[in-house]
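Single-structure report; data block below.
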Amino acid sequence: GYDQLDIFDHVVMGFPIEGRDGRYGAKMPILEALMTLSYAAALTSTIGLGTEVLVLPQRQPVLLAKQVSTLDTLSGGRVRLGVGIGWQPSEFEALSENFRTRGKRTDEAIELLRACWRDEQIDHNGKYYTSVAMGMEPKPPQGGHLPIWIGGGSEAAFQRVGKYGDGWLSSQVRDADDAKRAMDAIKAAASAAGRDPETLGWQGQIAPPPRPGDTEAKMYYADLDRVAKRVADLKGMGFGWAAVNATAVFQSGARSIEAMIEALGNMHDRLRSEVGR
């Protein structure tokens with residue numbers, strides 16, 4: 001009964017050596033996002049398929065455009081691409097990508113993705129990427145309108161959502177004032193770019209994955225009353241989507257496939273009763 005299945009993205013995770021952010025464990029098992037979604041596409045018929053978020057500047061955008069277009073084709077137009085700029089310098093280093101230019105490359109990559117999905121002949125001459133008289137077929141069923149939602153909580157991210165995105169993927173907002181500040185900044189950026197801010201979508205993550213050693217956060221999803229209140233609060237802030245983090249559900253005690261299905265089913269029923277469809 002869920003509307004959307006989003007997969008998060010890390011190719012490699014760094015061990016916590018000196019000078020490195022070790023917010024998540026290096027041995028955390030992570031399946032590759034697009035391969036996993038392709039498998040899910042073959043086993044489903046209605047649920048939306050996407051990423052929250054794919055680290056866009058770690059990936060070659062023309063190849064990514066082909067992969068996403070293929071996924072959209074095979075799933076019958078069910079793809080929503082969620083992207084972000086990433087936070088882990090060691091991962092960029094392992095993939096031979098420049099961490100310092102990731103924001104600018106993300107902006108240009110989004111433009112190139114759109115061109116690949118939209119244009120019969122792809123001509124792009126940018127600072128970081130070049131395609132001259134190239135074709136990419138088949139186009140995705142959603143064409144150049146395949147939705148790209150953008151994550152991030154910085155001012156630069158808000159500008160990026162307003163200028164390029166179809167929606168904002170919020171990883172965490174503290175309260176209504178925090179949400180309003182972000183949404184106002186995004187809407188202003190959309191208006192400045194000549195776009196209609198009323199067309200933007202808003203998704204809030206109920207709670208992020210707990211960091212190592214945070215016992216209280218690990219038990220968050222075990223309290224359905226707490227989760228339901230948070231979703232009601234997100235709706236009141238103006239969010240149209242609320243994201244359940246299945247990794248955190250696993251950490252809260254659902255340690256088997258059967259237990260995960262039961263926990264997610266119970267949560268789905270409770271949240272639908274709280275906020276409707």
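In summary, the aspartates and glutamates within cross-link reach of residue 139, defined as a Cα separation below 14 angstrom excluding same-chain residues under 8 places away, comprise 72, 119, 120.
Expressed in Å, the radius of gyration and Dmax of the Cα atoms of the chain are 18.8, 56.
Full extension of the chain between residue 2 and residue 31 gives 8.4 nm of extra length, using 0.36 nm per residue less the Cα-Cα distance. Charges were assigned to the Cβ only: +1 to each Lys and Arg, -1 to each Asp and Glu. The resulting dipole of the chain about its Cα centre is roughly 160 debye.
Only bridges with both residues in segment 5-134 count here: give the DSSP antiparallel percent, nearest 5.
30 percent
A Gaussian network model of the chain, with springs between Cα atoms under 10 Å, assigns the largest mean-square fluctuation among 33, 65, 156 to 156. Of the GluC sites (Glu not before Pro) in segment 32-141, the ones in a loop by DSSP (not H, G, I, E or B) with at most 16 other beta carbons within 10 Å are 32, 120. May I ask you to list the trypsin sites (Lys or Arg not before Pro) in segment 69-107 that are in a DSSP loop and have at most 11 other Cβ atoms within 10 Å of their Cβ? Here the sparse-neighbourhood loop sites are 100.
Working from label points 7 Å from Cα in the Cα-to-Cβ sense, the residue 180 to residue 73 distance is 4.8 nm. Ligands, DNA and RNA are left out, and with a 1.4 angstrom probe the accessible area of segment 4-151 is 50 Å² per residue. The listed residues 112, 271, 95 rank as 95, 271, 112 when sorted by accessible area, largest first, using a 1.4 Å probe. Distance between the 7 Å Cα→Cβ label points at residue 272 and residue 94: 3.9 nm. The length gained by stretching the chain between residue 196 and residue 235 to full extension, at 0.36 nm per residue less their Cα-Cα distance, is 11.9 nm. For segment 93-151 versus segment 204-277, the inter-centroid distance based on Cα atoms is 33 Å. Each Cα pair under 8 Å and six or more residues apart adds its sequence gap; the mean of these over the residue count of segment 214-276 is a relative contact order of 43 percent.
Can you classify segment 4-151 as rounded, prolate or oblate using the Cα gyration tensor, where a ≥ b ≥ c are the square roots of its eigenvalues, rounded means a/c under 1.5, and otherwise it's prolate if a/b beats b/c and oblate if not?
In terms of gyration-tensor shape, oblate.
Label reach from residue 130 (point 7 Å along Cα→C-beta): in segment 90-108, amide nitrogens under 18 Å belong to 105, 108.
Local charge for residue 82 was computed over the other residues whose Cβ lies under 12 Å away, with Lys and Arg +1 and Asp and Glu -1, and equals -3.
The dipole here belongs to segment 214-276: it is taken about the Cα centre, uses +1 on the Cβ of Lys and Arg and -1 on the Cβ of Asp and Glu, and is about 140 debye. Per-residue accessible area (protein heavy atoms, 1.4 Å probe) orders 158, 250, 15, 99 as 15, 250, 99, 158, starting from the largest.
Can you say what percent of the DSSP beta bridges in the chain, counting only those with both residues inside, are antiparallel? Round to 5.
Details: 3 of 24 bridges.
Looking only at bridges with both residues in the chain, the antiparallel portion is about 10 percent.
Rg and Dmax of segment 214-276, both derived from C-alpha coordinates alone, stand at 11.7, 34 Å.
Provide the solvent-accessible area of residue 275, counting protein heavy atoms only and rolling a 1.4 Å probe, rounded to the nearest 10 Å². So the heavy atoms of residue 275 present about 40 Å² to solvent. Tell me, what is the percent relative contact order of the chain, built from C-alpha pairs under 8 Å that lie six or more residues apart? This gives 13 percent for the chain.
Whole-percent P(r), segment 105-200, all Cα pairs, 5 Å bins from 0: 3, 13, 21, 20, 18, 13, 8, 4, 2, 0. Ranking of 187, 180, 139 by solvent-accessible surface, largest first: 180, 187, 139 (1.4 Å probe, protein heavy atoms only, all chains present).
Using a probe of 1.4 Å on the protein chains alone, the accessible area found for residue 130 is around 90 Å². My understanding is that a pair violates if its Cα-Cα distance is over 29 Å; which of 104/229; 127/235; 187/235 do that in this structure? Correct reply: 104/229; 127/235. Would you calculate a helix-derived [θ] at 222 nm for the chain, using -39,500 (n - 2.57) for each DSSP H run of n ≥ 4 and dividing by the full residue count, to the nearest 500? Helix-only estimate at 222 nm: -13500 deg cm²/dmol.
The modelled label-to-label distance for the pair residue 12/residue 121, using points 7 Å beyond Cα in the direction of Cβ, is 4.1 nm.
Would you mind calculating the gained length between residue 219 and residue 45 on full extension (0.36 nm times residue separation, minus the Cα-Cα distance), in nm to one decimal? Going from the current span to full extension adds 59.4 nm.
The values are calculated or read from the model by the stated rules, or taken from the named source; none is laboratory data. Because the structure is a prediction, the values reported are computed rather than measured. Every residue, glycine as well, gets a Cβ built from its backbone with ideal geometry; the counts of neighbours run over all protein chains shown. Ligands, DNA and RNA are stripped out before the accessible areas are found, and what is left, the full protein with its side chains, is counted by its heavy atoms. Shrake-Rupley method; radii C 1.70, N 1.55, O 1.52, S 1.80 Å.
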